[in-house]
Amino acid sequence: MPLSSNKIEKIVHEVVSRSLSAEAKPFAESGRAAVLVAPEKLKLQEFPLRGIRSDEILVKVEACGICGTDIHCYKSDPFALAPVVLGHEGTGIVLEVGRDVKMDGVGKPVLPGDRIVTSIFETSENCLIAKYNPHKANLCDDLRVYGLLPDEPEYHFNGYFGEYLIIRPGSSFFVVNDMSTDLRVLIEPAAVVCHALERAKTCGVNLNFRSRVVVQGCGPIGLLMIAVLRTHGINNIIAIDGNNSRLSMAASLGADVQLNFKDFNGIDDLASKVYSLTKGIGAHFGFQATGFPEAFAGLFKCIRRGGGIVEVGHFVDGGNCTMNPHQDITRKEITVTGSWVYNSFEYPYAYHFLRRAEGIGLPVTDLITHRFPLDQIQTAFDVNLQQQGIKVVVEMD
């Protein structure tokens, strides 16, 4: 009797799993990783590659994007992680699968040769937020992400800016074989904007085909925010930034109006322009993705009464800002919400968003403007710091 493809896949998975011992031998004796040893100091180091355990996965890293968080860590190590192997916007090829590991986060079998991405770790049993609100596990104090884990004797390969990654027990990961490497590198930041969109839905503002939305800040997150809004059916998007090349990218990703704030005489002048584009009453909604407190305060002036704002740009403490509670919030009844990272269940949302964005012709992979090998990672960070491109990617092989 002929076997179905699903049956064959299960048989192969079982054979491969049984062939792996509790301490499988690694494919190489050692591997390199770029270690942040101190602020603004990256050092390529060679680490021994131990055999994986029965509940682990060994991954050969293919590529990883440089995130704004990586830049903050590089500049000042705000989370006191050093020494640390950074890199969380990564993807790679599965080399070995521990015999106790059967499937990914959505029930797909995982086998050597699969292409995967990782999401957040499971939180500790002591986290009351995860216990009583599992859909808000992203707010746990012990939230952990590969690329933001300090070096440990048993786990040197903790981030994607290395040749290998060891996926530990309790990790969420996803098999994404049908995606290009470039799309896979964008899944993590895409999860950030998918989460921000879900947060926007809690504001009581009905985002629909006629909504007028401002996206402030056209870095990688702001640009992906524009793409996810367009994919979601938002037709009237105003992009605000101070870089014309990024505003041009915003146009290609779905922003029908692009405003360079440097062309205006302050926030009141800019807000007047937004009002002129929105029937004189302001935008229904705004997404703030700059990471600058002053920009956050200014966005209120662009939003109509009864509107809403999602703050998605402040992953680290950027300082305070001055605003008028009466004029900016109370009188307008504006609803403001924050957006913090994502949940692992939102990775499938990000996957389908990127596939749909490509399907409707949005050039999301054009966000990747620079590529560097691992031994040029210092140059890659310098290019990112100088904002010479949009998404800078480090490629292993």
May I ask you to evaluate 6.51 cos²θ - 1.76 cosθ + 1.60, the Karplus curve with θ = phi - 60°, for each residue of the range 125-130 and list the ³J(HN,Hα) values in order in whole Hz, giving x for glycine and proline? 5, 7, 7, 6, 5, 5
I want to verify a result. In a Gaussian network model of the chain, Cα cutoff 10 Å, which of these has the top mean-square fluctuation: Gly92, Gly338, Gly65? Gly338
Between the DSSP loop rule and a limit of at most 11 other Cβ atoms within 10 Å, which trypsin sites (Lys or Arg not before Pro) in the range 184-278 are left? Arg210
Determine, from the Cβ-Cβ distance of Lys201 and Ser248 and an R0 of 25 Å, the FRET efficiency 1/(1 + (r/R0)^6), rounded to the nearest 0.05. 0.25
Set Lys and Arg Cβ to +1 and Asp and Glu Cβ to -1, take the dipole of the chain about its Cα centre, and tell me which of Ala255, Leu143, Ala34 lies farthest positive. Ala255
If R₀ is 30 angstrom, what is the calculated FRET efficiency for the pair Ala80 and Glu294, using the beta carbon separation as r and rounding to 0.05? 0.65
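Decide, for the range 190-338, between rounded, prolate and oblate: order the square roots of the alpha carbon gyration tensor eigenvalues as a ≥ b ≥ c, take rounded if a/c falls under 1.5, and otherwise choose prolate if a/b is larger than b/c, else oblate.
In terms of gyration-tensor shape, rounded.
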List the lysines whose alpha-carbon lies under 26 Å from that of Lys43, not counting same-chain residues fewer than 8 positions away? Lys60, Lys75, Lys391
With the cut-off at 1.5 for a/c, could you classify the chain from its C-alpha gyration tensor as rounded, prolate or oblate? prolate
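Express in nm, to one decimal, how much length is gained between Lys41 and Asn260 on full extension, taking 0.36 nm for each residue of separation and deducting their alpha carbon distance.
That works out to 75.4 nm of additional length.
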Determine which residues of the range 174-204 fall in the zone a paramagnetic label at Leu139 would reach in this model, i.e. backbone nitrogen under 14 Å from the point 7 Å along Cα→Cβ. 199-200, 202-203
Using the basic label-point model (7 angstrom from Cα toward the beta carbon), what is the Gln327 to Glu395 distance in nanometres? 5.1 nm
What is the ratio of the Cα radius of gyration of the range 254-298 to 2.2 N^0.38 Å, with N the residue count, to two decimals? 1.16
Looking only at lysines whose Cα falls under 22 Å of Lys136's and that sit 8 or more positions away or on another chain, we get Lys201
Would you mind calculating the gained length between Asn208 and Leu128 on full extension (0.36 nm times residue separation, minus the Cα-Cα distance), in nm to one decimal? 25.3 nm
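Expressed in nm to one decimal, what extension gain is obtained for the pair Ser54 and Met103 from 0.36 nm per residue of sequence separation less their Cα-Cα distance? Please report the intermediate quantities before stating the final value.
Values: separation 49, 0.36 × 49 = 17.64 nm, distance 1.35 nm.
Extra length from Ser54 to Met103 when fully extended: 16.3 nm.
Read-outs: derived from the displayed coordinates by stated rules, not from any lab. Here the structure is a predicted model, which is why all the values come from computation and not from measurement. Because the Cβ atoms are built from the backbone with ideal geometry, glycine has one as well, and the counts that use them run over all protein chains shown.
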